[in-house]
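The values are calculated or read from the model by the stated rules, or taken from the named source; none is laboratory data. Quantities reported herein were computed from a predicted structural model and do not represent experimental measurements. A quick note on method: Cβ atoms are made from the backbone with ideal geometry, for glycine too, and the neighbour counts reach across all protein chains shown. For the accessible areas, the whole protein counts, side chains as well, though only heavy atoms, and no ligand, DNA or RNA atoms are used. Shrake-Rupley method; radii C 1.70, N 1.55, O 1.52, S 1.80 Å.
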Amino acid sequence: MNFFLETFKVIGLFVYYLLESLVFLVVPRRKKNVSGEIVLITGAGNGVGRLLSLKFASLGATVVLWDINQEGLKETSRLARENGAVRVHSYICDCSKRQDVYRVADQVKKEVGDVSILVNNAGIVTGKRFIDSPDSLVEKTMEVNIMAHFWTCKAFLPAMIASNHGHLVSIASSAGLTGVNRLSDYCASKFAAVGFAESIDFEMRDLGRAGVKTTIVCPYVINTGMFAGCRIKWPSLLPALEPEYVAEKIMTAIRCNQEILLLPRILYFLFAFKNILPVKVTVLLAGYFGNLHLMDNFKGRTKKD
């Protein structure tokens, strides 16, 4: 296409998409029906993963639950059935191990069918300074928080591409958009999760597979126990999020095919400023909002959790 024609086309679409987004700020998007979809959720044994499982179950989806915690899986399965799940399937899977992911994925495809909504939710956090983080924990963080996304997508994406129908959901973090003191390995894994999901979205568009959607979720600290002990500097301004609230927002984003979800909404403004302000100003704001001391009293999830 001629340079000038393409430029005018881009300008026209630029304006149209901006106006479209403004309209959807006040007019709710139509929510898609997930009844009958096969939804696989990693880290479904507790927290947000469990809540998403229950919400999908109540909407008539077939839920496939993955976790390394057998007791947690049993409880989620029981609750899902109580919430009206038509079909619930649970599998013990260590998402940090590629061969385990592929093995269990093959089992799911044989016993349940092709997954049409994949929610990569499993995650871990070390919470130590980089220099004090054992190599084994750094590797485990990367294996669970990002490498598992590679292997689950390798396993389930081909069927979505073939049918031009599916949805990839990446539960990342606000720490995937900015650095946080004592979260170097976690931030690296979540930055990778965001970049990976965005790249897959571009690949689907290039392949003409508009029916395969992606949603990237970047929440602030969630009250699930995973970040127990974190120090929230200004809870009235930037509070820890309640799991139920986060799960409901994620469900809305998935059903509306929303590409990226930041929680709470103030993060949209903060990260917009981060990209245009001088580095010294962003460091100043990071200190003001508590990023430098968020992890000072970090305890993390207990074994019971």
## Note on the structure
Short to long, in 10 Å steps from zero, the percent of alpha-carbon pairs of the stretch 80-151 per bin is 17, 40, 27, 13, 4
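Using a 1.4 Å probe, what is the accessible area per residue for the chain, in Å²?
52
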### Net length gained if the chain between Ile131 and Leu22 were fully extended (0.36 nm per residue, minus Cα distance)
34.7 nm
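How big is D for the stretch 139-297, in µm² s⁻¹ as a whole number, if Stokes-Einstein is applied with the Kirkwood radius of its Cα pairs at 37 °C and 0.692 mPa s? Write out the running numbers ahead of the final one.
Numbers: Rh = 16.7 Å.
Reported coefficient: 196 µm²/s.
Expressed in nm to one decimal, what extension gain is obtained for the pair Glu242 and Tyr268 from 0.36 nm per residue of sequence separation less their Cα-Cα distance? List each step's numbers first, then the result.
Working: separation 26, 0.36 × 26 = 9.36 nm, distance 1.88 nm.
Extending this stretch completely gives an extra 7.5 nm.
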### Query
Applying the Karplus parametrisation 6.51 cos²θ - 1.76 cosθ + 1.60 with θ = phi - 60° to the phi angles of the stretch 145-150, what ³J(HN,Hα) value in whole Hz is obtained for each residue in order, glycine and proline being reported as x?
7, 9, 4, 4, 5, 4
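Rounded to whole Å and ordered largest first, report the semi-axes of the equivalent ellipsoid of the stretch 170-253 derived from its Cα gyration tensor (root of 5λ).
Values: eigenvalues 153, 53, 16 Å².
Values for the stretch 170-253, descending: 28, 16, 9 Å.
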### Task
Would you compute, from DSSP H runs of 4+ residues alone, the mean residue ellipticity of the chain at 222 nm, taking -39500 (n - 2.57) per run and dividing by the full residue count, rounded to the nearest 500?
-15000 deg cm²/dmol
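With the contact rule set at Cα under 8 Å and sequence spacing of 6 or more, what percent relative contact order holds for the chain?
Values: 522 pairs, mean separation 48.5, N = 305.
The normalised contact order for the chain reaches 16 percent.
Mind checking the stretch 123-158 for trypsin sites (Lys or Arg not before Pro) that DSSP puts in a loop (not H, G, I, E or B) and that have at most 12 other Cβ atoms within 10 Å? Numbers along the way, then the final one.
Details: sites: Lys128, Arg129, Lys140, Lys154; in loops: Lys128, Arg129.
Of the trypsin sites (Lys or Arg not before Pro), the ones in loops of the stretch 123-158 whose Cβ has at most 12 other Cβ atoms within 10 Å are Arg129.
How long are the semi-axes of the ellipsoid equivalent to the chain, from square roots of 5 times the Cα gyration tensor eigenvalues, in whole Å, largest first?
Values: eigenvalues 164, 155, 70 Å².
After scaling each eigenvalue by five and taking roots: 29, 28, 19 Å.
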